[in-house]
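What follows is a set of notes on a single structure, which appears directly below.
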Amino acid sequence: MDDLNYGTRNKRGDWAPKDRLEVAPWWYMPLNLPKVLAWIPGYLFPWNAFHMVTTLLYWAYVVPDMATMKTLGWGWALWLYAVNAAAIFVMYGSIELFYYVKRKQGSRFKYNGKFPSENPSDVFWFKSQNIDNFLRSFFISIPLWTVVEVGMFYAFANGYVPWLSWADHPVYLAALVLLCPAIHEVHFFCIHRLIHIPVFYKWIHSVHHNSINPSPWSSLSMHPVEGFLYHAVALWHLVIPSNPIIALFQLNSAGFGAVNGHIGFDKLELTENTPLTTHAYAHYLHHKYFEVNYGGDGLIPLDKWFGSWHDGSKDGDAMMQARFEKKKARLNAKAQ
Ligand SMILES: [Zn+2]
Ligand SMILES: [Zn+2]
């Protein structure tokens with residue numbers, strides 16, 4: 001595919017999409033109904049549908065029965081960890097293998113023209129972004145994802161929290177499933193904004209931001225505090241009346257869905273004519289500029305409301321620069 005039909009490439013080899021990022025269409029007034037309807041398939045397919053399918057497969061073949069999960073035990077906890085780790089290894093690993101190691105589409109649609117392996121850096125363990133990110137994912141974040149999972153199933157199994165059945169509450173539960181991505185976005189925005197406060201940033205979140213040019217392994221490369229807070233989104237289902245399958249959907253969307261912001265390509269060419277849209281640009285801009293796009297890509301446009309939205313355009317750049325100038329002036333005034 002010719003990526004220049006969809007965007008432009010600068011002298012450094014960085015590619016950027018032609019179209020600016022847009023928040024979900026119902027936030028624009030007056031409401032454009034055809035646009036809202038046209039948006040729905042992209043909301044479900046392929047990513048949310050993928051998380052729904054993995055969740056059903058987990059529920060059918062992976063999650064132990066509730067009687068087992070009534071008592072905490074290493075056996076079932078390690079089993080869940082093994083499946084999570086194996087699934088991430090296969091999913092993230094295949095994207096890494098085909099697009100970063102074999103470079104099957106070169107740098108077509110790649111935001112940053114360079115590949116992380118071309119830039120060894122002291123900030124990473126063993127000076128390698130790949131090794132550092134890989135180790136942090138498998139030995140820090142995926143274990144913490146599993147801790148959240150064990151805690152959540154343990155609470156449901158023991159009846160500590162309400163468990164609504166599909167038979168009694170089909171409409172409410174179906175609506176809750178559709179709301180999960182919005183819950184994710186609000187939760188992520190809040191914890192993410194929190195760990196950008198300078199003292200927390202330095203202590204916690206700088207680990208994730210070492211990857212200025214993220215690749216799939218960067219997705220879950222986090223400090224333990226962030227690794228826990230990020231996956232703790234599923235614990236909202238212990239607070240709101242819910243059901244363990246939906247809690248699992250929320251958790252899997254966080255774990256498997258972390259890759260979306262970090263793929264580094266705007267589209268993956270699955271075949272010559274089948275591009276897979278990654279939705280990675282908003283979070284790519286966050287890794288590039290740090291203080292923009294704390295949330296996702298505008299399902300709930302918190303960044304727009306708080307003035308930190310960058311839509312990838314020249315206007316977005318100008319707004320960001322104006323904000324930085326203001327901040328500088330404020331800090332200077334304080335210093336005097
Ligand atoms: Zn990130
Ligand atoms: Zn950040």
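Bear in mind that the values in this text are calculations on the coordinates, not laboratory data. Nothing here was measured: the structure is a model prediction, and the numbers come from that model. So basically every Cβ, Gly included, is an ideal-geometry build from the backbone, and we count neighbours across all protein chains shown.
Laid out as a table, the results:
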{"read-out": "Structure-based [θ]222 nm, the chain - -39500 (n - 2.57) summed over DSSP H runs of at least 4, per residue, nearest 500", "value": "-15000 deg cm²/dmol"}
{"read-out": "Most mobile listed residue (Y81, Y294, Y230) in the chain, GNM with C-alpha springs under 10 Å", "value": "Y81"}
{"read-out": "Rough spin-label spacing in nm, given labels placed 7 Å along Cα→Cβ, for W27 and K202", "value": "3.2"}
{"read-out": "Alpha-carbon centroids, region 304-336 and region 216-233: separation in whole Å", "value": "27"}
{"read-out": "Partner aspartates and glutamates for K304 [C-alpha distance under 12 Å; skip if fewer than 8 residues away on the same chain]", "value": "E22"}
{"read-out": "Centroid-to-centroid separation of region 253-299 and region 84-118 [C-alpha atoms, Å]", "value": "13"}
{"read-out": "Partner aspartates and glutamates for K114 [C-alpha distance under 20 Å; skip if fewer than 8 residues away on the same chain]", "value": "D2, D3, D14, E96, D122, D132, D266, E269"}
{"read-out": "Whole-number percent relative contact order across region 160-294, with pairs defined as alpha carbons under 8 Å at least 6 apart", "value": "27"}
{"read-out": "Under 9 Å, Cβ to Cβ, from Y28 - net charge with Lys/Arg +1 and Asp/Glu -1", "value": "0"}
{"read-out": "Charge-dipole axis of the chain as Lys and Arg at +1 and Asp and Glu at -1 on Cβ define it, positive-most pick from F126, G298, G264", "value": "F126"}
{"read-out": "Listed pairs K18/K104; K104/K288; K18/K202; K127/K334; K35/K327 exceeding 31 Å between Cα atoms", "value": "K18/K202; K127/K334; K35/K327"}
{"read-out": "Test item: Cα-centred dipole of region 59-118, Lys/Arg +1 and Asp/Glu -1 on Cβ, debye", "value": "420"}
{"read-out": "Ascending count of other beta-carbon atoms within 10 Å, so fewest first, for Y160, Y172, Y100, Y289", "value": "Y160, Y172, Y289, Y100"}
{"read-out": "Cα gyration tensor shape for the chain, rounded if a/c is under 1.5, else prolate or oblate", "value": "rounded"}
{"read-out": "Lys, Arg +1 and Asp, Glu -1 on Cβ, resulting dipole of region 184-336 about Cα centre, debye, nearest 20", "value": "760"}
{"read-out": "For S242, distant residues with modelled amide H under 5 Å away", "value": "L164"}
{"read-out": "Relative contact order (percent, whole number), the chain, Cα cutoff 8 Å, 6+ residue spacing", "value": "22"}
